[in-house]
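Input: a single structure, listed below in structure tokens.
The values are calculated or read from the model by the stated rules, or taken from the named source; none is laboratory data. Quantities reported herein were computed from a predicted structural model and do not represent experimental measurements. A quick note on method: Cβ atoms are made from the backbone with ideal geometry, for glycine too, and the neighbour counts reach across all protein chains shown.
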Amino acid sequence: MNVEHVRRAYTSVADLYIRLFGTSQQVHVDDLAFIGRHLSSRSGTVLDLGCGPGHLTDWLRSLGVDAQGIDLVPEFVAHARAAHPDGRYQLGSMAKLDMADRSVAGILSWYSLIHLPPQDLGGVLDEFRRVTTPAGTLVVGFFDGDEVDAFDHKVVTAYRWPVDEFSERLARAGFTTVEHRRRPGDGTHRPHAMIAAVAADG
């Protein structure tokens, strides 16, 4: 993944992105329910990786979760810090996390993996597993498709994944899928999928 390319692409649309997606009220209620079901009971730090404007980090914190947001884009981190001054937000890359091994209880990666070329996904998932405690929870949201393929996302090239294949990639990295949901496209939104997975022991 060309991290700098993705950073520049989102920087160029940061203000618009914040207006369109910058509050939890703009997240589908089924998605919030899924995220909450798997991450609200975690005891310990939960990372919101690719947190964008920080709205989901803040929503998790409203549930009592010790959530911390990390994003590549300075404009997103600045907005999150201003909009949610009691939260913790920092610049960083999910491909190289400044966290100790087995130190986080959960990870939310909501549409932050969609720009990864398939050959790069494994390395990032390995990094997620490195920092996650045994039995820690990973929740991911992504574009659903019948096969892995690239498409012209409005910001920068993104990828669709079949749920079964994404789940298999998670298994290679040491995560076991415990629940998944799919939502078909509706003419305005593309087909969507979400997976919750638990880190294996060891």
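Listed conditions (1) of a type in the set (D, E, K, R); (2) touching a Phe, Trp or Tyr at 6+ places or on another chain (Cβ under 9 Å); (3) without any contact (Cβ under 8 Å) to a residue 24 or more places away in the chain are all met by Glu179, apart from (3).
What do you reckon, is Gly202 modelled with pLDDT of 95 or more and of a type in the set (Gly, Ala, Ser)? It is false that Gly202 is modelled with pLDDT of 95 or more and of a type in the set (Gly, Ala, Ser). Evaluation of Ala135 against the conditions (1) surrounded by 14 or more Cβ atoms within 10 Å (Cβ to Cβ); (2) at pLDDT below 95 shows that the sole unmet condition is (1). Out of Ala100, Ala95, Ala197, Ala105, I need the residue that is exposed (fewer than 13 other Cβ atoms within 10 Å of the Cβ), touching a helix residue (DSSP H, G or I) at 6+ places or on another chain (Cβ under 9 Å), closer than 23 Å to Gly54 by Cα and hydrophobic (A, V, I, L, M, F, W, C). Which one? Going through Ala100, Ala95, Ala197, Ala105 in turn, the sole match is Ala100. Checking each residue in region 92-112 for being without any contact (Cβ under 8 Å) to a residue 60 or more places away in the chain and either charged (D, E, K, R) or within 17 Å of Val3 (Cα to Cα) (or both) picks out Gly92, Met94, Lys96, Leu97, Asp98, Asp101, Arg102.
For region 4-39, filtered to residues that are within 22 Å of Val139 (Cα to Cα) and either polar (S, T, N, Q) or not in a helix (DSSP H, G or I) (or both), the residue that is modelled with the lowest pLDDT is Gly22. The number of residues in region 41-88 that are farther than 25 Å from Ala135 by Cα and buried (at least 21 other Cβ atoms within 10 Å of the Cβ) comes to 10.
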